[in-house]
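*Asks:* First the structure, which I've put down as structure tokens, then a few questions once you've had a look.
No lab work stands behind these numbers, since they all come straight from the coordinates. Because the structure is predicted, anything quoted here is derived from the model rather than measured. Here the Cβ is made from the backbone with ideal geometry for all residues, glycine too, and neighbour counts use every protein chain on show.
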Amino acid sequence: MAYSTAENLIRHVTLRQMQIFEAVVRLGGYTRAAEALHLSQPTISMQVKKLSETIGLPLLERVGSCPHTTAMGDEVYASAQNILSSMMALGESAATLDGVVKGPLRLAVITTAKYFMPHLLGEFISQYPEVKPILKVTNRSRVLERLKSNEDDLLIMGQVPVGLDVEAHPFVDNELVVVASTRHPLTQCSNITLEQLSKERFLVRESGSGTRLAVDRLFAEQGLEIQPYMDLGSSEAIKQAVMAGLGISVLSRHNLRLELAGNHIAVLDVAGFPLFYRWYAVHLKDKKLSLVSRTFLDFLLQQGKNMMQPGL
């Protein structure tokens, strides 16, 4: 029995293949799609190849180091987005009608938020045990990429992105302080000026991090500039370097609970510090939040500050 092209596609194209192809195009390559879907890169390549063979036309072509969609690839990508969006909406409608807060909760947080987000998430899961959290901790630039490609339900960051149409919900204070080794001479000083500070060996995060942007802005307002002594990729690395006496830095107080309690690191008395910012829960403005993500957002807004009280 002969089947039409449409019938052949219905019989042989799988939802998983559409999901994989959509991820490859949206994320700009096989490697990122494999990471996002928790599959091997050969599996991703094989499924895209099978989808192309079933349709009978090439869907991707390589230009330079990145795959680009063909004319048919554009059609398949648009169809895949519509299908996956409909399936997601169907699942969310079922969950809403069921009235039970359950299912996946996809969160991406910048590295410095990893010290307090698990506490908030743990409290939320204790109230809604059928929620399955998926937590991605990464740097600010990668979080922004994930936001643009709509990979997560909510993103937690300290600086609201500029140039993106987003909704940003502040939920807890982010206090930035200047820290040094307990053996540093400045621990004996008070009301240290920014000019004095600018002459010290500064340990900084990578360019583009929220903390570095805030500090650079403060010094620039005073006509000063920090000359980084070391550029380190994480707050944990900076803490270790500070305690070793390699220099001073600016960190979120949320990241320093154990070090301050154990007197392993000192907060300096600096004019203009601490800097107070907010942590934000962010999503694209036109994104329709699921029941789970709406409930978690409400939880952050209502209980976030209480969860950050000492001893919690």
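*Asks:* Starting from the Cα-Cα distance between N150 and M72, subtract it from 0.36 nm times their residue separation and give me the gain in nm to one decimal.
*Replies:* Net length gain for the segment: 25.7 nm.
*Asks:* With viscosity set to 1.306 mPa s and temperature to 10 °C, compute the Stokes-Einstein D of the chain, Rh being the Kirkwood radius across alpha carbon pairs; µm²/s, no decimals.
*Replies:* 71 µm²/s
*Asks:* Also: Where the eigenvalues come from the Cα gyration tensor of the range 101-284, what are the semi-axes √(5λ) of the equivalent ellipsoid, largest first, in whole Å?
*Replies:* 32, 19, 13
*Asks:* With unit charges on the beta carbon (Lys/Arg positive, Asp/Glu negative), name the residue among L144, G223, L258 whose Cα is farthest towards the positive pole of the charge dipole of the chain.
*Replies:* Positive-most Cα among the choices belongs to L258.
*Asks:* Moving on to the next point. Treat the count of other C-beta atoms within 10 Å as a stand-in for reagent exposure and order S40, S252 from fewest to most.
*Replies:* Fewest-to-most ranking of S40, S252: S40, S252.
*Asks:* So how far apart, in nm, are the two label points at A168 and E225 if each is 7 Å from Cα heading toward Cβ?
*Replies:* A separation of 2.6 nm, rounded to one decimal place.
*Asks:* Evaluate the charge dipole of the chain about its Cα centre and quote only its size in Debye, nearest 20, assuming +1 on the Cβ of each Lys and Arg and -1 on the Cβ of each Asp and Glu.
*Replies:* 460 debye
*Asks:* Which of I125, P104, L135 sits farthest toward the positive end of the charge dipole of the range 93-168, with +1 on the Cβ of Lys and Arg and -1 on the Cβ of Asp and Glu?
*Replies:* Highest projection toward the positive end goes to L135.
*Asks:* Among DSSP beta bridges whose residues both lie in the chain, state the antiparallel percentage, nearest 5.
*Replies:* On the way: 23 of 39 bridges.
Of those bridges, close to 60 percent are antiparallel.
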